[in-house]
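The values are calculated or read from the model by the stated rules, or taken from the named source; none is laboratory data. None of the values given here were measured: they were computed from a predicted structure. All Cβ positions, even for glycine, are placed from backbone atoms using ideal geometry, and neighbour counts span all protein chains on display. Please note that ligands, DNA and RNA were not included when accessible areas were found on the heavy atoms of the full protein model with its side chains. Shrake-Rupley method; radii C 1.70, N 1.55, O 1.52, S 1.80 Å.
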Amino acid sequence: MGFGNAEEGQGVVEAMLTGSSTAIPTELLVLAWGCVLLVFNILLAGQLRTRQYGVDWNMGPRDETSGLPALPPRTGRVIRAQANLQETFPVAVAALLGVVLAGRTGTVSHIGAWVWLAARVAYLPVYWAGIKGLRSLLYIVSMVGLLMVLWPLLWG
């Protein structure tokens, strides 16, 4: 089971710096889609909060929190899902970039990257719907995916 090599990683870096066309590594493609997912989470949470508190509140400094009505449960879940993704996203960025730059990509990191993304995509609607247990399972699956990306970077 090959994990790539340092020359491949150097080739990717050189291609990025020179602008030459090369196939994008799977891990970078997954990272780009992860960024799209994060932006979607941020926009959805913001939209739901604005729907509850109004545009004036959203455009203001948001200093006043006392006296605001409680958020509906689903809105709170979306906000917590966004926070959860933001907590783990730096690890994903470091792992996905690191394995590419080190030239250690391969089957394990490819599968791990897609597992991480698929679990994170499924996490939001499952959390929003309030499906007990499945949310936690998806979080664990996403962590397994990240560990699969980190494996060749650390021990490959």
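Within segment 56-92, track down each residue that is over 16 Å from the mean Cα position of the chain (by Cα) and touching a residue at least 40 places away in the same chain (Cβ under 8 Å).
Step one: of segment 56-92, the residues over 16 Å from the mean Cα position of the chain (by Cα) are 56-77.
Those that are over 16 Å from the mean Cα position of the chain (by Cα) and touching a residue at least 40 places away in the same chain (Cβ under 8 Å): Pro73, Arg74, Arg77.
Across segment 105-138, what is the number of residues that are part of a helix (DSSP H, G or I), hydrophobic (A, V, I, L, M, F, W, C) and open to solvent by 40 Å² or more (accessible area, probe 1.4 Å)? Step through it out loud before you land on a result.
Residues of segment 105-138 that are part of a helix (DSSP H, G or I), as a first pass: 107-129, 134-138.
This time we only want the ones that are hydrophobic (A, V, I, L, M, F, W, C), so: 108, 111, 113-119, 121-122, 124, 126, 128-129, 134, 137-138.
Add one more test, that the residue is open to solvent by 40 Å² or more (accessible area, probe 1.4 Å), and what stays is 111, 114-115, 118, 121, 128-129, 134, 137.
Adding up the residues that qualify gives 9.
Cβ-Cβ distance below 7 Å, separation of 6 or more or different chains: which pairs start in segment 93-104 with a residue that is assigned to a loop (DSSP other than H, G, I, E, B) and end on one that is surrounded by fewer than 19 Cβ atoms within 10 Å (Cβ to Cβ)?
Ala102/Ala6; Gly103/Asn5; Gly103/Ala6; Gly103/Glu7; Gly103/Glu8; Gly103/Gln10
Among the listed residues Val100, Val141, which satisfies the condition of being at pLDDT 95 or above, touching a helix residue (DSSP H, G or I) at 6+ places or on another chain (Cβ under 8 Å) and open to solvent by 50 Å² or more (accessible area, probe 1.4 Å)? Please lay out each step first, then the result.
Working: Val100 fails: open to solvent by 50 Å² or more (accessible area, probe 1.4 Å).
Exactly one residue qualifies, and that residue is Val141.
Is one or more of the residues making up segment 69-76 surrounded by 13 or more Cβ atoms within 10 Å (Cβ to Cβ), in a helix (DSSP H, G or I) and not β-branched (Val, Ile, Thr)? Before you say what the answer is, go through the steps one by one.
Of segment 69-76, the ones surrounded by 13 or more Cβ atoms within 10 Å (Cβ to Cβ) are 71, 74-76.
So of that shortlist, the ones also in a helix (DSSP H, G or I) come out as 74-76.
Filter once more, keeping what is not β-branched (Val, Ile, Thr): 74, 76.
Among the residues of segment 69-76, at least one is surrounded by 13 or more Cβ atoms within 10 Å (Cβ to Cβ), in a helix (DSSP H, G or I) and not β-branched (Val, Ile, Thr), which makes the answer yes.
Condition test on Leu85, is it touching a helix residue (DSSP H, G or I) at 6+ places or on another chain (Cβ under 7 Å), at pLDDT 95 or above and farther than 16 Å from Leu29 by Cα?
On the way: touching a helix residue (DSSP H, G or I) at 6+ places or on another chain (Cβ under 7 Å): yes; at pLDDT 95 or above: yes; farther than 16 Å from Leu29 by Cα: yes.
Yes.
Quick grid of which residues meet (1) closer than 23 Å to Trp128 by Cα; (2) part of a helix (DSSP H, G or I); (3) at pLDDT 95 or above:
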| site | (1), (2), (3) |
| --- | --- |
| Met1 | no, no, no |
| Val13 | no, yes, no |
| Gly34 | yes, yes, yes |
| Leu44 | yes, yes, yes |
| Asn58 | yes, yes, no |
| Asp63 | no, no, no |
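Looking at (1) open to solvent by less than 100 Å² (accessible area, probe 1.4 Å); (2) closer than 24 Å to Met143 by Cα, which is the one condition that is false for Glu87?
Only one criterion in (1) open to solvent by less than 100 Å² (accessible area, probe 1.4 Å); (2) closer than 24 Å to Met143 by Cα is unmet by Glu87, namely (1).
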